[in-house]
Amino acid sequence: MIVVMSPNANSKNIADVITRIEIDGYRAHLSEGEQHTIIGVVGESPTPLREDNYATLAGVSNVVRISEPYKLASRTFHPLDTHVPLNGSKMGENKVLIIAGPCSVESREQIIETACAVKEAGATALRGGAFKPRTSPYSFQGHGEEGLKWMAEAREITGLPIVTEIMDPALVPMVTEYADVLQVGARNMQNFTLLNAVGESQHSVLLKRGMSSTVLDLLMAAEYVLSHGNNRVMLCERGIRTFETATRNTADINAIPVLKQLTHLPVLFDPSHATGKWEYVEALSLAGIAAGADGLIIEVHPDPATAISDGRQSLKPDGFEKLMAKVRRVAEAVGRSA
Ligand code: PEP
Ligand code: MN
């Protein structure tokens, strides 16, 4: 349930509603908009919620039942788009923001070279994994904190904020020292301990859809982060597993407009993992933007043939530059900028 306060409600009216929610055994989640303050009633309690008990409180304009199991992520709770700040811009606003960089941070030189190239082409942020979730325990697992230090150096040089994956809740304090955005990868989308930890950190989060997760699963995972009062959550469609084997995954382009309708959170698209082949990345990037994605996250490597991970799907810097030019044209065609 959500309690919508009237525009002229004062702070005592809001405090009274919160007190009432707490007396009933629930938690209040405050969302202050330009026009209205909205108070979400979350949690479980043996006391049934009665709309009338709240509708009659001073300063309350409206009480709405949210039927979706995700409450804080739903558009019913928060009708306006949420914007997540990134490098002086905001993900979720009109401008489509592009995050680019290698799959893995391989060396100081590699990440700095890639950062300079993607910055030059117009990227807003730098991606790169220092902790890699690999299918095989024998594959390269990432350079860990050293990799994060190299990324921080690349940020120092280019000004690009860092998006990097976190796999272990215990490492949140260390990774947040370097990262601007914590990426929760597909394999960890339902690692609830991790979701709670990144929620508590109040750091920006890029939450990728699990490869066998439904849109509802993704929204429920986002709800974990949001329930800690951390609203800086971006969702990312990165392809799902289907019977199709021609590509690494199947891009669920549908999920983009579906998510944009169901939630106020920004929605990104990852054409690299969705296809697994660099030659399809451009087409899918354009499709993602045309479908309404607020941003893209794209793998770029200075020499994909020698990449330690995901070289097959990585663009070279010149391919990325060409892609950016087309991205701008498609963004403009659908009333956005890039
Ligand atoms: C990645 O971004 O390199 C990655 C591992 O992505 P995903 O979690 O979507 O597979
Ligand atoms: Mn990758």
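The values are calculated or read from the model by the stated rules, or taken from the named source; none is laboratory data. What you see is a predicted model, and the numbers here were worked out from it, not measured in a lab. Every residue, glycine among them, receives a Cβ derived from its backbone with ideal geometry; neighbour counts consider all protein chains shown.
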Which listed residue is at pLDDT 95 or above, of a type outside the set (S, T, N, Q), under 30 Å from residue 329 (Cα atoms) and under 15 Å from the mean Cα position of the chain (by Cα), from 237, 282, 223: 237
Subset of segment 186-206 that is within 18 Å of residue 270 (Cα to Cα) and more than 16 Å from ligand 2 (Cβ to nearest atom) - its residue that is surrounded by the most Cβ atoms within 10 Å (Cβ to Cβ): 205
Flag for residue 101 being buried (at least 22 other Cβ atoms within 10 Å of the Cβ), closer than 24 Å to residue 265 by Cβ and assigned by TED's automatic domain parsing to the domain that holds residue 166: yes
Residue within segment 45-60 that is surrounded by 20 or more Cβ atoms within 10 Å (Cβ to Cβ), at pLDDT below 95 and assigned to a loop (DSSP other than H, G, I, E, B) present: no
Count - residues of segment 59-96 that are hydrophobic (A, V, I, L, M, F, W, C) and in contact with a Lys or Arg (Cβ under 8 Å, 6 or more places away or on another chain): 3
Residue in segment 318-336 that is assigned by TED's automatic domain parsing to the domain that holds residue 240 and touching a Phe, Trp or Tyr at 6+ places or on another chain (Cβ under 6 Å) present: no
Lone unmet requirement of (1) in contact (Cβ under 8 Å) with a residue 60 or more places away in the chain; (2) in a helix (DSSP H, G or I); (3) closer than 22 Å to residue 121 by Cα; (4) more than 13 Å from ligand 1 (Cβ to nearest atom) for residue 216: (3)
Subset tally (residues that are surrounded by fewer than 22 Cβ atoms within 10 Å (Cβ to Cβ) and under 14 Å from residue 89 (Cα atoms)) for segment 119-133: 1
Every pair of residues 6+ apart whose Cβ atoms lie under 7 Å, when the first sits in segment 124-145 and is within 14 Å of ligand 2 (Cβ to nearest atom) and modelled with pLDDT of 95 or more while the second is among the aromatic types (Phe, Trp, Tyr) and not in a loop (DSSP other than H, G, I, E, B): none
Complete set of residues in segment 308-336 that are within 16 Å of ligand 2 (Cβ to nearest atom) and in contact with a Pro (Cβ under 7 Å, 6 or more places away or on another chain): 311, 314, 316
